[in-house]
Amino acid sequence: MTSSQANVPDLESTTIPYFPMPRASGCPLDPAPELTELQEQAPLVRVRLWDGSTPWLVTRHAEQCALLSDRRVSADWMQPGYPFHNQFLRDHHGEGQFLTAMEGPEHLRLRRMIARPFTPRMVEKLRPAIQQIVDDRVDALLAGPKPTDFVSEFALPIPSRVICHVLGVPYQHHDFFHHAIRAVTESDVPADVASKSERELYHYLAKLIGHKLSHPDDGLLSQLATERLDTGQLNRHELVMLVLFLLISGHETTASMIALGTLALLLHPDQIAVLRDADEAGVAGAVDELLRYLTTVQPGRRRVAVEDIEIAGELIRAGEGLILPEEIGNRDESVFPGAGALDLRRDAGRHLAFGFGVHKCTGQPLARLELQIVFTALLRRIPTLALAVDPADLPFMDDGLGYGLKGMPVTW
């Protein structure tokens, strides 16, 4: 037995079945101090989860990249030993899998179906539409009362409008999407409420697919329905799960990143000047640094070994779970010197915000473009944007699958 196996830190309790531990009290944008301490100790350590299981926590950038690209590591939550985030997911995982939980030919088949609309070239064609969406929200912000809630009035509407535009989903139903998605992803929602919300989302999308088949348009949902469903390349259930995955991933994480990124800039005014003076390439680099510095995914990427793996002096047995939290992978000093500081001039291209390997986020070009347009527009059009409350009083969303702000009063 190795030393890391002999003393298993209890990082998840039965009352809060999520990872990681609470963020640093002095700066809630930083990882939990316990995670940083474990990273300093070893590249792999054992941790105890809510169900008593003891998967490996992978603490460093090199080992995270190696394991995320290793064919002996699986994201398939049907595999024995998969380290589930909570009891709800463990009990309901057989009802349908998202793209992120698939492997092999099936994963590649579905990923290829949505790859083309999210290539950098195709996403660039969306720039005028995204710019208009952002400008409209800035106009609304400036015309509204002061102070106002930045999250509900700006950070949430923009990615909601964008992903609805891309998919061809009616934006007037965004309140339904928002509340249903929150019910599915937040930990304090009762299991019966989460299940009901998941069913409602599923049935709404199934009905919408039927509508698109008889009333096709230019949206991705319509294209998938007419080109893939009608030809038998997809069945109705696969299409619903695929669109549900895109709707959730294109909504919550980008909204959280807009809010957290804006907060990080307001707390680092010297970096605002760097971004404001940057050219297009500089803005893209600044967004990468914000993606490295911040984390919107709460419990770390989850995997399970399907074969024995020797790495960093440890033996991971087949059937043992893995947790790879990017918030400490992105703060690895050996890759990003001075990693605890926000430096928008840094080359942060190796960050893990979008994952690594075959499961690297398909929609990352869209998220990057949204963030580049958002931060550029904010700094150009509202140069006096400021917090309207003490940073210590900001309410954080830290008890679910995502990490972000529940609200952020701002003024100008």
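The values are calculated or read from the model by the stated rules, or taken from the named source; none is laboratory data. Because the structure is a prediction, the values reported are computed rather than measured. No Cβ is skipped: glycine too gets one built from the backbone with ideal geometry, and neighbour counts run over all protein chains shown. The protein model used for the area step is the full one, side chains on, heavy atoms only, and it has no ligands, DNA or RNA in it. Shrake-Rupley method; radii C 1.70, N 1.55, O 1.52, S 1.80 Å.
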For this session: Can you work out the accessible area per residue across the range 335-412, with the rest of the protein chains kept in place, probe 1.4 Å, in square angstrom?
Result: 40 Å²
Exercise. Which residues' amide hydrogens lie under 5 Å from the amide hydrogen of F396, considering only partners 5 or more residues apart or on another chain, with H built in the peptide plane?
Worked result: K406
Exercise. Trypsin sites (Lys or Arg not before Pro), restricted to the range 64-152: which are DSSP loop and have at most 15 other Cβ atoms within 10 Å?
Worked result: R71, R72, K125
For this session: Can you tell me the alpha carbon radius of gyration of the chain divided by the globular rule-of-thumb value 2.2 N^0.38 Å?
Result: 0.97
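How much of the accessible area of the range 225-272, probe 1.4 Å, is carbon plus sulfur, in whole percent? Write down the numbers at each step before the final one.
Numbers: 830 of 1570 Å².
The computed percentage sits at 53.
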For this session: Take the chain, connect every pair of alpha-carbon atoms lying under 10 Å apart with a spring to form a Gaussian network, then pick out the residue of A305, A286, A206 with the largest mean-square fluctuation.
Result: A206
Problem set entry | Mean residue ellipticity (222 nm) of the chain, computed from DSSP H runs ≥ 4 via -39,500 (n - 2.57), nearest 500 | -13500 deg cm²/dmol
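Any idea what the relative contact order of the range 99-228 is, in percent, if you count C-alpha pairs under 8 Å spaced at least 6 apart?
Details: 71 pairs, mean separation 24.5, N = 130.
In percent, rounded to a whole number, it is 19.
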Problem set entry | Mean separation of Cα contacts under 8 Å, 6 or more apart, over the residue count of the chain: relative contact order % | 25 percent
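So how do 292-302, 306-316 stack up, highest first, on mean other-Cβ count within 10 Å?
Working: 292-302: 23.2, 306-316: 15.1.
Going from most to least packed, we get 292-302, 306-316.
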Problem set entry | Net charge dipole size for the chain [Lys, Arg +1 and Asp, Glu -1 on Cβ; Debye, nearest 20] | 1060 debye
Exercise. Mean projection of the alpha-carbon convex hull of the range 249-337 over all orientations, in nm²?
Worked result: 8.0 nm²
For this session: Distance between Cα centroids, the range 111-176 to the range 331-352: provide it in whole Å.
Result: 28 Å
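How big is Rg to Rh over the range 94-150, alpha-carbon atoms, Rh as the Kirkwood inverse-mean-distance radius? All intermediate terms of the calculation are to be shown ahead of the outcome.
Working: Rg = 18.8 Å, Rh = 14.9 Å.
For the range 94-150, the value is 1.26.
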For this session: Take the chain, connect every pair of alpha-carbon atoms lying under 10 Å apart with a spring to form a Gaussian network, then pick out the residue of L221, L246, L379 with the largest mean-square fluctuation.
Result: L379
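Let me check against my output: what whole-number percent is the relative contact order of the range 343-412, with C-alpha pairs under 8 Å and at least 6 apart?
Once normalised by length, the contact order is 23 percent.
Going from most exposed to least, what order do S195, S152 have by accessible area with a 1.4 Å probe?
Numbers: S195 20, S152 55 Å².
Order by accessible area, largest first: S152, S195.
Name the chymotrypsin sites (Phe, Trp or Tyr not before Pro) in the range 153-225 that are in a loop by DSSP and that have at most 10 other C-beta atoms within 10 Å, would you?
Numbers: sites: F154, Y171, F176, F177, Y202, Y204; in loops: none.
Sparse-neighbourhood loop chymotrypsin sites (Phe, Trp or Tyr not before Pro): none present.
Name the helices (complete DSSP H segments) of the chain with a Cα length along the long axis of 30 Å or more and a Kyte-Doolittle mean of at least -0.5, or state none. Walk me through the intermediate numbers first.
Details: long enough: 191-214 (35 Å, -0.38).
Going by DSSP H runs, the hits are 191-214.
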Seminar exercise, completed: Under a Gaussian network model of the chain whose springs join Cα atoms within less than 10 Å, the largest fluctuation of G232, G210, G402 belongs to G232
For this session: Just check the range 121-250 against the gyration tensor rule for me: Cα atoms, a ≥ b ≥ c as the square roots of the eigenvalues, rounded for a/c under 1.5, and otherwise prolate or oblate depending on whether a/b exceeds b/c.
Result: oblate
